[in-house]
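These notes concern the structure reproduced below.
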Amino acid sequence: MPQLTARNRHRVAFRLNGRQVEALAENRMLLSDLLRHELGATGTHVGCEHGVCGACTIQVDGAPARACLILAAQIDGADVRTVEALAPQPGRLSVLQAAFREKHGLQCGFCTPGILMTLDAFLTTRPDASEAEIREHLSGHLCRCTGYATIVAAALAAVEELRKEQKENA
Amino acid sequence: MKPPAFDFLRPDTQEEVLETLHRAGSDARIIAGGQSLVPMLNMRLARPGVLIDIMPLHALRAIREERGEVIVGAGVRQAEFEAWPQLAEKLPLLSQAIGWIGHVQTRARGTVCGSIAHADPSAELPLSLIALGGSVRLASRRRRRTVPAAEFFLGMMSTAIAEGEMIEAVAFPVAGRGTGHAFREIGRRHGDFAIVACAAVSDGQTTRLAVAGVDDHPRRFDLPQEDGGALDDALNDIAWSLNARDDLHASARYRRELVRRLGRETVMEARSCRS
């Protein structure tokens, strides 16, 4: 029965953005801090640190989740995606990211990585998402700049573009 | 803030969990999805000496139907319960209520039993368990016992879980033929804690109304099959019996008014949708 002691650091192994990674973490370390401080993945932002603001939202096994409400020790063996995974290659944006740029879906950009990870997960499973459903998913995020209107517009533009792509590929 | 230091146990068997709970007593806490506990750790409202992660225990991760009840294991996440294909048929109240729990992003991790164990006075799952007359299955090193929902919630974040015990599962009675269910909630924004939430179950004889967000734990009342002024009077009595208090989010008076109005809507909807 592995009982990990409080004072030592313990090995955590998981997939991060398609690559197998390992790090050492104290039991009390949050996944948000593991990503930023140990693995250098600073695209994930930290806002409230108690699950309210949504800035640190990432994907765990395909579903959006708060990195600040997950202990590093809980992530062993999981598949984690952060905002760094979205762009298909350096210098190119994903459809969703391009729509945010096009529709001014961000101002200061602090909340954006979390919102992108929620919408990316949602639109992957539901490419026919309605505005109401998009708004419901966005309700787990705080943005103090945009008033959300341009974020919704960007998400709807991405839906439109993804639909077009799907038709072309069909 | 960051959590204080704690030992972390990843058990291979449930016996190890129970042994550790027995040994460490109130110094040990179970962690499943962590969506209530980790915020409390981050804010240092909880300072356990040892955390026991029960998610590696696959036996706890099942939903099954057994003798007229749906048994939800301690490792079942809210999103998994929400996606259970039989939810709308077996537990229509839960299929209405579950979308009100936190957000998509927290339901992906949080567990059904974790919310029951946390016992927030405004939470949807404790309210639903009370409304349906379900029960909580507890285990310790020495014994197993089942506690009816009505005896489980004792006060603000306070439950009948004794030292050395863990929740193994919760049991929701399957919806009976000809019963109607309704769920309503008012919060500042969708996903916020409810100011008042109501759940009603009607079987044609009586309508059972459960209310969360007002008293320090969810409460349940049986209403006679009356309408009009008699129902208003009954709801008014309920509103005054709930020890409503003023806080940052709403006044006691507003909460009582919500119990009267939201309660009435919920009762009427449950009565009208009896199948």
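The values are calculated or read from the model by the stated rules, or taken from the named source; none is laboratory data. Since we're looking at a predicted model, the values are computed, not measured. Glycine also receives a Cβ, built like all others from the backbone with ideal geometry; neighbour counts cover every protein chain displayed. Just the protein is used for accessible areas: all its heavy atoms, side chains included, with ligands, DNA and RNA removed. Shrake-Rupley method; radii C 1.70, N 1.55, O 1.52, S 1.80 Å.
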query = What are the ³J(HN,Hα) values, in whole Hz, obtained from phi via the Karplus relation 6.51 cos²θ - 1.76 cosθ + 1.60 with θ = phi - 60°, for each residue of the stretch B:182-188 in sequence order, with x given for Gly and Pro?
reply = 8, 9, 9, 8, 10, x, 5
ask   = Can you tell which of A:Ala99, A:Ala67, A:Ala25 lies farthest toward the positive end of the dipole of the stretch A:1-135, using +1 and -1 charges on the Cβ of basic and acidic side chains (Lys, Arg; Asp, Glu)?
value = A:Ala25
message = If each DSSP helix of 4+ residues adds -39,500 (n - 2.57) and the sum is divided by the residues in chain B, what number results at 222 nm, nearest 500 deg cm²/dmol?
response = -9000 deg cm²/dmol
Contact surface B-A: accessible area buried, both sides summed, square angstrom, 1.4 angstrom probe = 3000 Å²
query = Label points 7 Å out from Cα along the Cβ direction at A:Thr42 and B:Leu154: separation in nm?
reply = 4.9 nm
note = Ordered by number, the residues of the stretch B:13-42 with at least 30 Å² less accessible area in the assembly than alone (1.4 Å probe) are B:Glu16, B:Gln35, B:Val38, B:Pro39, B:Asn42
key: Residues of the stretch A:1-92: accessible area per residue with a 1.4 Å probe, Å²   = 44 Å²
ask   = If you line up the long axis of helix A:112-125 against the longest principal axis of chain A, both from Cα atoms, how many degrees apart are they, to the nearest 10?
value = 70 degrees
query = How many angstrom separate the Cα center of the stretch A:28-71 from the Cα center of the stretch B:31-107?
reply = 20 Å
Dipole of the stretch A:95-169, positive end: most advanced residue of A:Val159, A:Thr125, A:Cys145 [Cβ charges, Cα centre] = A:Cys145
note = Diffing the stretch A:70-83: the Karplus 3J(HN,Hα) column from phi (6.51, -1.76, 1.60, θ = phi - 60°), in whole Hz with x for Gly and Pro, holds 10, 7, 3, 5, 7, 9, 3, x, 8, 10, 10, 10, 10, 4
ask   = Could you give the dipole magnitude of the stretch A:95-169 about its Cα centre, charging the beta-carbon of Lys and Arg +1 and that of Asp and Glu -1, in debye to the nearest 20?
value = 200 debye
ask   = Want the number for A:Ala149 to A:Ala13: 0.36 nm per residue separation, take away the alpha-carbon distance, what's left?
value = 45.0 nm
key: Gain on full stretching of the segment that runs from B:Arg253 to B:Lys2 - 0.36 nm per residue minus C-alpha separation   = 86.6 nm
request  = Pop the C-beta distance of B:Thr146 and A:Leu156 into the FRET formula with R0 = 51 Å and round what comes out to the nearest 0.05.
outcome  = 0.55
note = Ignoring ligands, DNA and RNA, the residues of the stretch B:100-116 whose accessible area with a 1.4 Å probe is reduced by 40 Å² or more relative to the chain alone are B:His103, B:Val104, B:Gln105, B:Arg109
request  = Express the Stokes-Einstein translational diffusion coefficient of the stretch B:174-251 in µm² s⁻¹, to the nearest whole number, given a Kirkwood radius over alpha-carbon pairs, 37 °C and a viscosity of 0.692 mPa s.
outcome  = 239 µm²/s
query = Regarding the stretch B:62-148, what are the three Cα extents along the principal axes, ordered largest first, in Å?
reply = 38, 26, 23
ask   = Can you pull the Rg over Rh of the stretch B:126-275, Cα-only, Kirkwood?
value = 1.00
ask   = What are the residues of the stretch A:31-55 that lose 20 Å² or more of accessible area, with a 1.4 Å probe, going from their chain alone to all protein chains?
value = A:Asp33, A:Glu49, A:His50
ask   = In degrees from 0 to 90, rounded to the nearest 10, what is the angle of the helix B:14-24 Cα long axis to the longest principal axis of chain B?
value = 80 degrees
ask   = Charges only on Cβ, +1 for Lys and Arg, -1 for Asp and Glu: so what's the dipole of the stretch B:165-275 about the Cα centre, in debye to the nearest 20?
value = 300 debye
ask   = Could you give the angle, 0 to 90 degrees to the nearest 10, between helix B:228-241's Cα long axis and the longest principal axis of the Cα atoms of chain B?
value = 40 degrees
query = What's the longest bit of chain B with no exposed trypsin sites (Lys or Arg not before Pro), using DSSP loop states and at most 11 other Cβ atoms within 10 Å as the test?
reply = B:190-275
remark   = Percent of all Cα-Cα pairs per 5 Å bin for the stretch B:7-52, counting from 0 up to the last occupied bin, reads 5, 23, 32, 23, 13, 4, 0
remark   = Exposed-loop cut sites defined as trypsin sites (Lys or Arg not before Pro) in DSSP loop states with at most 16 other Cβ within 10 angstrom; longest site-free run of chain A spans A:8-91
remark   = Taking a probe of 1.4 Å and leaving out DNA, RNA and ligands, the stretch A:95-169 shows per residue an accessible area in Å² of 51 Å²
query = Just from the alpha-carbon atoms, what are the Rg and Dmax of the stretch A:56-170 in angstroms?
reply = 14.1, 43
Whole-number percent relative contact order across chain B, with pairs defined as alpha carbons under 8 Å at least 6 apart = 17 percent
message = For the protein assembly as shown, report the % of Cα-Cα distances exceeding 30 Å.
response = 47 percent
request  = For chain B, just the Cα set please: Rg and Dmax, both in angstrom.
outcome  = 18.7, 59
task = Considering Cα pairs under 8 angstrom that are at least six residues apart, work out the relative contact order of the stretch B:180-272 and quote it in whole percent.
result = 33 percent
note = In Å², rounded to a whole number, the accessible area per residue of chain B with probe 1.4 Å is 42 Å²
key: Interatomic Cα distance distribution for the stretch A:9-85, bins of 10 angstrom, percent   = 22, 61, 17
ask   = Which value, in debye to the nearest 20, gives the size of the charge dipole of chain B about its Cα centre, when Lys and Arg are +1 and Asp and Glu are -1 at the Cβ?
value = 340 debye
query = Which listed residue (B:Val17, B:Val147, B:Ser122) has the Cα farthest towards the positive end of the charge dipole for chain B, taking +1 on Lys and Arg C-beta and -1 on Asp and Glu C-beta about the Cα centre?
reply = B:Val17
